[in-house]
1. What's the carbon and sulfur percent of segment 74-166's accessible surface, probe 1.4 angstrom, rounded to a whole number?
2. Spin-label point model (7 Å from Cα, Cβ direction): what's the Glu106 to Leu152 distance in nm?
3. Using a/c under 1.5 as the rounded threshold, could you call segment 43-166 rounded, prolate or oblate? The axes a ≥ b ≥ c are square roots of the C-alpha gyration tensor eigenvalues, and prolate needs a/b larger than b/c, oblate otherwise.
4. I'd like the Karplus ³J(HN,Hα) series for segment 148-162: coefficients 6.51, -1.76, 1.60, θ = phi - 60°, whole numbers in Hz, and an x wherever there's a Gly or Pro.
5. Between helix 52-63 and the chain, what is the angle of the helix's C-alpha long axis to the longest principal axis, kept within 0 to 90° and rounded to the nearest 10?
6. Using 1/(1 + (r/R0)^6) with R0 = 41 angstrom and r between the beta carbons of Glu51 and Asp18, what's the FRET efficiency to the nearest 0.05?
7. Assuming 0.36 nm per residue, please report the length gained on full extension of the stretch Asp91 to Asp3 beyond their Cα-Cα distance.
8. Under the Karplus relation 6.51 cos²θ - 1.76 cosθ + 1.60, θ = phi - 60°, what is the ordered set of whole-Hz ³J(HN,Hα) values for segment 15-21, x standing for Gly and Pro?
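The values are calculated or read from the model by the stated rules, or taken from the named source; none is laboratory data. No experiment lies behind these values; they were computed from the predicted model shown. All Cβ positions, glycine included, derive from the backbone under ideal geometry; neighbour counts span all protein chains shown. Surface areas here come from the heavy atoms of the whole protein model, side chains and all, with no ligands, DNA or RNA. Shrake-Rupley method; radii C 1.70, N 1.55, O 1.52, S 1.80 Å.
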Amino acid sequence: MSDTVDMVLAQWARERPDVDVWPMGIVGRISRLSGLLNRGLKEFFADYGLETFEFDVLATLRRAGAPYELTAGALLKAAMVTSGAITNRIDRMEAKGLVERVRDGEDRRSVRIRLTPGGLELIDRLVGPHVDNEARLLAALEPAERDRLAGLLRVLLESLGDTAPD
């Protein structure tokens, strides 16, 4: 059995046998896989009236622990988007009643983003089915394959600078 990337690699081998295109096999598969996984996640979240980024914000705040809040800057780092994009996202989520902006008691210039009770209820209700959906998307992999793949992806991410803060 072969995938679409195999076809692309074969075409390049035929047309440009002088170029070793092995990186296209990995990057192409990761790229295609990202698109397919994102589509599977987007469809799942749509059933709950959410965008993927909204789930990400809710999950990030929930993982922060009580009182389920972070500074806008901390959310910005977690989301890897521009400050304008995070502001827009928070505005939309605030309008939905999922988060609220709270002035920092010690530094009035600082604003914290906090889960509302409704946002907390939604993320707690959604995280289990979300994990089940991800397991469904990865069902083709055996446990040992999942572990190996996770380790290889970690090595690649770390080599490209995507490391956890100290």
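1. Details: 3640 of 6630 Å².
Roughly 55 percent of what the probe reaches on segment 74-166 is carbon or sulfur.
2. 4.6 nm
3. Working: a/c = 2.30, a/b = 1.46, b/c = 1.57.
Because a/c hits 1.5 or more and a/b fails to exceed b/c, segment 43-166 counts as oblate.
4. Along segment 148-162, the couplings run 5, 4, 4, x, 5, 5, 4, 4, 5, 4, 4, 5, 9, x, 8 Hz.
5. Value to nearest ten degrees: 60.
6. Calculated value: 0.35.
7. Gain on stretching Asp91 to Asp3: 27.6 nm.
8. These are the phi-based 3J(HN,Hα) values: 7, 9, x, 7, 10, 7, 9 Hz.
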